[in-house]
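Chemist: Below is one structure. I have some questions about it.
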Amino acid sequence: MAVAVITVAGGAVQTNDQRVQSFLGSLSLGPVASTYVPGGIPLDSVLQAALLPTSNSAPLRVTLMSKTGSGYIYQRIPSTGKMMILQVPLTGSLTTAAPLVEMLAGTVVPNEAIDFRAEYLRNV
């Protein structure tokens, strides 16, 4: 099986404030039936190549949210620039206080669209 990759959908909206450049758009995971690799899926490099922000640094913040309500939580890990997929622990439930856990290695990733907001410091 192929390893999952992130693709930025065309038509991202860009705003420019005095110091911050923001992008709003959609991501997709694929190809269909691809698998998850522990540690996450590269995100920062994909956003940099697709959005071309006027910044020479990593994003200040990237907010990710499922468009389909799949129940998975998507989170950017700033230290690695990757997107981790989180889920309810196998021994937990939504009624426990157990933290979410990373998706297991080799698990087929959901085929869904993800809304994002990426913010960069304008310094170029």
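Each reported figure results from applying straightforward, stated rules to the coordinates on display, with no laboratory input. All values derive from a computational prediction rather than experimental measurement. Note: ideal-geometry Cβ built from the backbone for every residue, glycine included; neighbour counts use all protein chains shown.
Chemist: With +1 assigned to the C-beta of every Lys and Arg and -1 to the C-beta of every Asp and Glu, and no other charges, what is the dipole magnitude of the chain about the Cα centre in debye, to the nearest 20?
Modeler: For the chain, the charge dipole is close to 180 debye.
Chemist: Next question. Just to check, using Stokes-Einstein with a Kirkwood Rh over alpha carbon pairs, what's the diffusion coefficient of the chain at 4 °C and 1.567 mPa s in µm²/s? Show your work: numbers first, answer last.
Modeler: On the way: Rh = 15.2 Å.
It diffuses with D of about 85 µm²/s by this estimate.
Chemist: Scanning the chain for trypsin sites (Lys or Arg not before Pro) in DSSP loops with at most 12 other Cβ atoms within 10 Å, what's the longest stretch left with none?
Modeler: Excluding the exposed sites themselves, the longest stretch runs over 68-124.
Chemist: Here's another thing I want to ask about it. Farthest toward the dipole's positive end in the chain, which of G71, T107, A58, given Cβ charges of +1 (Lys, Arg) and -1 (Asp, Glu) about the Cα centre?
Modeler: Working it through, the farthest residue towards the positive pole turns out to be A58.
Chemist: How do F23, F116 rank when sorted from fewest to most other Cβ atoms within 10 Å of their own Cβ?
Modeler: Least to most surrounded, the residues fall as F23, F116.
Chemist: Another one. If we count other beta carbons within 10 Å of each Cβ, what is the order of S57, S79, S34, fewest first?
Modeler: S79, S57, S34
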